[in-house]
1. When the residues of the range 16-47 are narrowed to those that are within 25 Å of L246 (Cα to Cα) and small (G, A, S), which ends up surrounded by the fewest Cβ atoms within 10 Å (Cβ to Cβ)?
2. Checking G196 against (1) farther than 21 Å from S249 by Cβ; (2) surrounded by 22 or more Cβ atoms within 10 Å (Cβ to Cβ), which single condition isn't satisfied?
3. What pairs come out if I take residues in the range 120-147 that are touching a residue at least 12 places away in the same chain (Cβ under 8 Å) and basic (K, R) and pair them with residues that are part of a loop (DSSP other than H, G, I, E, B) and buried (at least 18 other Cβ atoms within 10 Å of the Cβ) whose C-beta lies under 9 Å away, six or more apart or interchain?
4. Where residues in the range 163-178 are farther than 15 Å from T227 by Cα and more than 16 Å from the chain's Cα centre (by Cα), which of them is surrounded by the most Cβ atoms within 10 Å (Cβ to Cβ)?
5. Suppose we filter the range 186-236 for residues that are under 25 Å from L150 (Cβ atoms), out of contact with any strand residue (DSSP E or B) (no Cβ under 7 Å at 6 or more places or on another chain) and assigned to a loop (DSSP other than H, G, I, E, B); how many remain?
6. Given the criterion among the charged types (D, E, K, R) and in a helix (DSSP H, G or I), identify the matching residue among D156, D179, D125.
7. So, of the residues in the range 52-72 that are more than 16 Å from A307 (Cβ to Cβ) and part of a loop (DSSP other than H, G, I, E, B), which turns out to be modelled with the lowest pLDDT?
Amino acid sequence: MLPLFLGLSGPVLTAAERSFFRSANPAGYILFKRNCIDPDQLLALTDALRMLVGRDLPILIDQEGGRVARLQQPHWPVFPPAARFGALYDRAPVTAIEAARLNALALALTLRDVGITVDCAPLVDVPAPGSHAIIGDRAFAADPMWVSALGKATLDGLQAGGIVGVVKHVPGHGRAMVDSHFALPVVTASRAELAGDFEPFRTLNDAPMAMTAHVVYTAIDEQACATLSPKVIADVIRGEIGFEGLLMSDDLGMQALGGSFGDRARGSLVAGCDIALHCSGDMAEMQAIVAAVPPVTVAAEQRLAAAMLWANTPKTVDIATVIAQRDDLLAAA
């Protein structure tokens, strides 16, 4: 098995993808809007991915709510952005926490119905004044304590619904002044200033999975972004923050990273990521990555297995009822 989560090109597996994925045996897959047409199609696709290897496996999606939603109407419910729960927390913290938990439970049940097992949420970055809008309303709030509480509620809801959660973007993307999809953010805050950015990740360090930030923190490593920095990963993510779960990179296709795709994948693994994530489904890029990476390490395989056992077997719950309960809380406060 290779330490990769890979994307695919469309709503069905092509013959070339079947052959390639069988040979490469990546640890899991990630889906995007291009892969999600309707529930029947999507369930058939996730079933096909499992049949390639004859085992259950991580099938990821970015379904945060708000503007980051790969499953959309008319086939799937609309979920609010994280900032909606932060606004409610300002008035009624206990109500906001329960609303966030119910929201995540409904998300989880929606994903389980179509064979998805991992949601790349919650985003627990703490936005700083003047930072780039790529985080924006995807963040719960600007107070690390609020972010921690709502992130915990989201993880609890995902777990209850049978979905593995991923905290992101560790150790914090909230100070970035540029979008890492297109450029490399460089954060010059001091270690003392960064403590608040780290706080939600430290509070939630028992999360099953985390995703790194393609961000340089000059107070820690002036040369490499977190994804490619052994110092950030060892000293901060595994050390100061104390995260022991499965650590994946953010997307290798983002322009914050330089060099070849093979270099990006190999560099993230050498730095200490357990899994390298590649999202586009571009076959040439995936071939270069597969050729560059070693088999998954024993430690990474153990972390992956533990992460996939984190989620509970969901009880039979009506999604519409859960959403109605969430909406009642959002409206009442």
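1. Top of the filtered list is S23.
2. (2)
3. Pairs found: R138/P81; R138/D125; R138/P127.
4. R175
5. Result for the range 186-236: 3.
6. Selected residue: D156, the only one of D156, D179, D125 that is among the charged types (D, E, K, R) and in a helix (DSSP H, G or I).
7. Residue satisfying both the conditions and the ranking: G54.
The values are calculated or read from the model by the stated rules, or taken from the named source; none is laboratory data. All figures in this text were calculated on a predicted structure; none of them were measured in a lab. For neighbour counting, all protein chains shown are included, and Cβ atoms are generated from backbone atoms with ideal geometry for every residue, glycine included.
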